[in-house]
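The values are calculated or read from the model by the stated rules, or taken from the named source; none is laboratory data. Keep in mind that this is a model prediction, so the values were computed, not measured. Methodologically, a virtual Cβ is constructed for each residue, glycine included, from the backbone with ideal geometry; neighbour enumeration extends over all protein chains shown. Ligands, DNA and RNA are stripped out before the accessible areas are found, and what is left, the full protein with its side chains, is counted by its heavy atoms. Shrake-Rupley method; radii C 1.70, N 1.55, O 1.52, S 1.80 Å.
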Amino acid sequence: MATAESCTGGLVAGAITTIAGASAVFTHGFVTYANAAKTQMLGVPEELLEMAGAVSEPVALRMAQGARARAGVDVAVSITGIAGPEGGTLEKPLGTVWFGLDGPSGASTYHQIFHGNRDAIRAQSVAFALKLLEQEGETA
């Protein structure tokens with residue numbers, strides 16, 4: 001498995017690698033905080049980032065697909081969101097997070113709005129991503 005993270009800055013990869021033996025299933029953790037990194041490391045088109053914004057369903061999907069393809073793994077999860085304390089808008093309030101999952105059962109996206117401060121939003125995002133990976137593992 002692989003991760004592609006923006007607002008969580010590698011926390012999902014960190015959570016996975018705290019487990020002894022994780023190297024048997026975890027190969028890559030892409031931290032793509034900047035839009036340029038999303039393009040360079042994951043192949044997210046610049047035009048898509050400009051049109052939809054980094055915190056969006058299509059970008060989350062492309063991040064997961066790019067991570068899976070570039071890492072050559074069975075499953076990849078992505079996270080892009082607004083953890084705050086600034087950056088929220090009426091359309092995308094603070095706590096807005098999009099997740100992408102690309103695996104054997106196909107590609108899908110998930111949208112959540114988490115509450116709390118920056119640390120709480122990031123922690124909730126990590127927990128949600130880990131749950132997605134767990135569920136994907138159960139269906140594989």
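Points worth noting:
- The range 26-88, dipole about Cα centre (Lys/Arg Cβ +1, Asp/Glu Cβ -1), debye to the nearest 20: 240
- Within the accessible area of the chain (1.4 Å probe), percent carbon and sulfur: 56
- For the chain, share of DSSP beta bridges that run antiparallel, in % to the nearest 5: 65
- What the phi angles of the range 27-40 give under the Karplus curve with 6.51, -1.76 and 1.60, with θ = phi - 60°, is a coupling list of 10, 9, x, 8, 9, 10, 5, 8, 4, 4, 5, 4, 6, 5 Hz, glycine and proline written as x.
- Accessible area per residue, Å², the range 52-140 with all protein chains present, probe 1.4 Å: 47
- Rounded Å value of the spacing that divides the Cα centres of the range 88-140 and the range 62-77: 16
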